[in-house]
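The values are calculated or read from the model by the stated rules, or taken from the named source; none is laboratory data. Not measured: the values here are computed from a predicted model. Cβ placement follows ideal geometry from the backbone for every residue including glycine, while neighbour counts extend to all protein chains displayed.
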Amino acid sequence: MSLLSSLATLTLFKKAPPPPPPSFSAFAFLSSFAKEEKGWSDVVFFLGILLLASIALLVILDVLSRTMLKSKRTPPLIDASIPIVGGMLEFLKGPMKLMAKAFPKHGEVFTVPVFHERITFLIGPKVSEFFFKAKDVEMSQKEVYEFNVPTFGKGVVFDVDHQTRAEQFRFFADSLKSERLRTYVGMMVKEADAFFEKWGDEGEVDLLDSLSELIVLTASRCLLGREIRENLFSEVTALVHDLDKGMVPLSVFFPYAPIEAHRKRDKARKELALIFDKVIQARRESGSLEPDVLQTFIDARYKDGSKLTNDQVLGMLIAVLFAGQHTSSITSTWTGLLAIANKERVMPYLEQEQQQIMKKHGTKIDFDVLAEMDELHYAVKEALRMHPPLIMLLRKAQVNFDVETSDGKKYTVPKGHICATSPAFAHRMESVFKNPNTYDPQRFKTDENKFASYIGFGAGRHGCMGETFAFMQIKTIWSVLIRNYEFELIGDLPEPDYEGMVVGPKHPCKIRYKRREKKKNGLMKSPSMMSKSKSMTSK
Ligand code: HEM
C-alpha cells in the first residue's frame, strides 16, 4: 500500500463524523443513568430517539442544501434517490462507476453527498487546475490523508503542520538529487540482474507477484539501507507486510478501530521502531555515511537546526516506501502486460531500441543509458495513463474557489468540501487524450503536455516526488527483461481490480518467458518469438 494508496483511493472522508457534544439534557440523562436512576430500557429508548432525531436533522439539512440553501453557483448534486445515504451508496458501488454515471449528466463538476460531507468531483484538466496548484492553506491534504498516521507514526507527514511537512519533503527531495539517483540506479540494476538470473532459461510467472518481490528488494536497498537489505531483510519485510495489511478500507474511516489488522499493524510498527532504532543509532555513533535515503533522513536538519528523532526517521522511510511500492509494482506490471498483449505492434519498438542502445553502450545500464530509452519511457507512461494505480486524489477545500468547465459553466466550490479528481477517469476522456481506450505508447512522441492532462503522477504542488526514481526502476526492469527474454501472455489481459486500495491488475497476471538466443556479437536476435498474440487492446 502506498502513501497515496493510502492516500488516494476510496477516501471520501477520513473519519466518521465526530459525535456531537452532548446537549445539556442528554448529559443529564446519561449522568442520571450513571447514578442508576434509569434502567437499560430507558437508555435504549433514549438512544433510539437520539438516533432518529439525528437522522431527521441530517435529512432536513440535506434537503435544504439541495434547495433553499443551495446557491446558484454551487456545483450540481448527484441524484441520490434516498437523501443522505444515496450518495454514499453510489460511492460504495465504486468511484469509477459513480463518475461514469454522473459525468454524462452533470459534466466535469458535481457533488456527492456522503453523510455530513460533500465531495466535489473535479474531472479533467480544465477544472482541476486549482486542485493541483493551490497552496496547502487553500487545499489541504492533511484532513483527507490523516488516517495514515498510525502507519507512518507520530511527528511526520500528515501528523505535522504544513510548514513542517514541507521541510520534511525537502529532506526527501535532497535524497533524490541526481547524483543520488545515479547511485540508486546502480543498486536497481544489481538487484534486477540477480533477480532475473534466477528465472533461468524459460518458465511461467505471475508478473505482478514477481515484480512486487523485486521492487521490495530494490526499495530495501535504496531506501531502507544496506543493513536491512543484507542482514534483516526477511524480518523487516514481514513487518512491513503487516503494516501494509493493516490498511484496510475501514482504516480510512476508523484508523484506530480495534480490529485484528490494526492490532498487527501497531505491533509491527513498534517492532520496526526497535529494529531501526538500533540501525540508526549505530550509524549516528559510527559516523558512517551510506548512499541511501535512510542516511539523508538521519543527516537532515530543520531550518532551526533540529533533527528528526530515530522514530521520525523511520516514519519518513515508511511514508516513502508506501508511496512507491505498490504504485511501482503495478505500473511495471501493466507496462509488461500491455506491451506483451500488443507485442506485434509495440514490442518491435522496444526491442529495436534495446538493440541500438546495446550497440552503443554494450550491456551497461546506468542513469544516462536509461535516459536514452525513449520508447520504453513512452511504454511506461502509456501503461500509467491507461491504468493509474491511484485512481482518486483528494484534498479538503479550506477556501471557496471558482471553476469554469470546458463548456463555460461557472461554479463556486464551497470551503469545507472534499475535492476529488481522478487520473483513471480523466485519462480516458476523449477531450484529454485522443482514442483514450487504445493502447498507443507512440502518442507521447508528440505529447502536448498541457497542465494536469497527464496526472498519473499527480501534478503541481504535490506532484510525485518519486517520479524519476519510479521511471528509472521500471525502465531498469524492462530493459533487463527485453534484452534477455521473449514473452507471451497466458490467458487474457487482466481487468483492473477496483476493490484494491491501490488499483492494480486482477490476478492472474501470468506470462511465459523464454531466453533469447544470443548473436555472436553478444546482441540479442531480432524479434522472432513464440506464438503470436492479440494486438490492439482497449482494456
Ligand atoms: C509508478 C509509480 C508511482 C506513481 C504512479 C505515483 C503516483 C503519485 C501521485 C499520483 C502523487 C500525487 C498525490 C496527490 O496529489 O494527492 C504522488 C505523490 C508522491 N509520491 Fe509518488 N508515485 C509513484 C512512485 C513513487 C516513488 C517510487 C516514490 C518514492 C521513492 C514516490 C513518492 C511520492 C511522494 C513523497 C509524494 C508526495 C508529494 C507531495 O505531497 O508533495 N512516488 N505519487
Q.
Going by what's in this entry, would Leu289 be described as more than 27 Å from Tyr145 (Cα to Cα) and at pLDDT below 95?
A. yes
Q. Which one is nearest to Leu289 (Cα to Cα), of the residues in region 214-251 that are within 16 Å of the ligand (Cβ to nearest atom) and of a type in the set (D, E, K, R)?
A. Arg221
(Q) Quick test of your reading of the structure: Glu448 fulfils all but one of (1) within 14 Å of the ligand (Cβ to nearest atom); (2) farther than 16 Å from Val380 by Cβ. Name the failing condition by number. (A) (1)
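Per-residue answers, yes or no, for (1) modelled with pLDDT of 95 or more; (2) of a type in the set (Gly, Ala, Ser); (3) closer than 22 Å to Ile455 by Cα:
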{"site": "Met88", "(1), (2), (3)": "no, no, no"}
{"site": "Glu117", "(1), (2), (3)": "no, no, no"}
{"site": "Ser128", "(1), (2), (3)": "yes, yes, yes"}
{"site": "Ala134", "(1), (2), (3)": "yes, yes, yes"}
{"site": "Glu138", "(1), (2), (3)": "yes, no, yes"}
Q | Index of the failed condition, Tyr349 passing every other in (1) more than 30 Å from Lys135 (Cβ to Cβ); (2) within 16 Å of the ligand (Cβ to nearest atom) | A | (2)
Q | All positions within region 152-185 that are farther than 17 Å from Lys307 by Cα, away from the ligand (no atom under 12 Å from the Cβ) and in contact with a Ser or Thr (Cβ under 7 Å, 6 or more places away or on another chain) | A | Val185
**Q.** The listed residue being part of a helix (DSSP H, G or I), among the aliphatic types (A, V, I, L, M) and surrounded by fewer than 19 Cβ atoms within 10 Å (Cβ to Cβ), out of Ala257, Ala194
**A.** Ala194
**Q.** Those residues of region 125-151 which are away from the ligand (no atom under 13 Å from the Cβ), crowded, with 24+ Cβ neighbours inside 10 Å and within 26 Å of Gly500 (Cβ to Cβ), in sequence order
**A.** Thr151
Q | Sole residue being within 25 Å of Arg182 (Cα to Cα), assigned by TED's automatic domain parsing to the domain that holds Arg443 and outside any helix (DSSP H, G or I), chosen from Ser328, Ser288 | A | Ser288
Q | Cβ pairs under 9 Å, 6+ apart, first in region 465-482 and closer than 22 Å to Arg515 by Cα and of a type in the set (S, T, N, Q), second within 7 Å of the ligand (Cβ to nearest atom) and assigned to a helix (DSSP H, G or I) | A | Gln473/Gly324; Gln473/Ser328
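Residues are listed down the side, and each one gets a yes or a no for (1) among the small types (Gly, Ala, Ser); (2) out of contact with any strand residue (DSSP E or B) (no Cβ under 8 Å at 6 or more places or on another chain):
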| site | (1), (2) |
| --- | --- |
| Ala379 | yes, yes |
| Met392 | no, no |
| Lys410 | no, no |
| Lys434 | no, yes |
| Asn437 | no, yes |
Q | Qualifying residues in region 451-494 (those that are assigned to a strand (DSSP E or B) and near the ligand (Cβ under 7 Å from one of its atoms)) - the one surrounded by the most Cβ atoms within 10 Å (Cβ to Cβ) | A | Gly456
Q | Failed criterion for Lys270 (all others in (1) under 25 Å from Val157 (Cβ atoms); (2) surrounded by 15 or more Cβ atoms within 10 Å (Cβ to Cβ); (3) without any contact (Cβ under 8 Å) to a residue 24 or more places away in the chain hold) | A | (2)
**Q.** Which listed residue is in contact with a helix residue (DSSP H, G or I) (Cβ under 8 Å, 6 or more places away or on another chain) and in the same structural domain as Gly153 (by TED's automatic domain parsing), from Val216, Val205
**A.** Val216
Q) What's the number of the condition Lys97 fails, among (1) in a helix (DSSP H, G or I); (2) assigned by TED's automatic domain parsing to the domain that holds Leu314? A) (2)
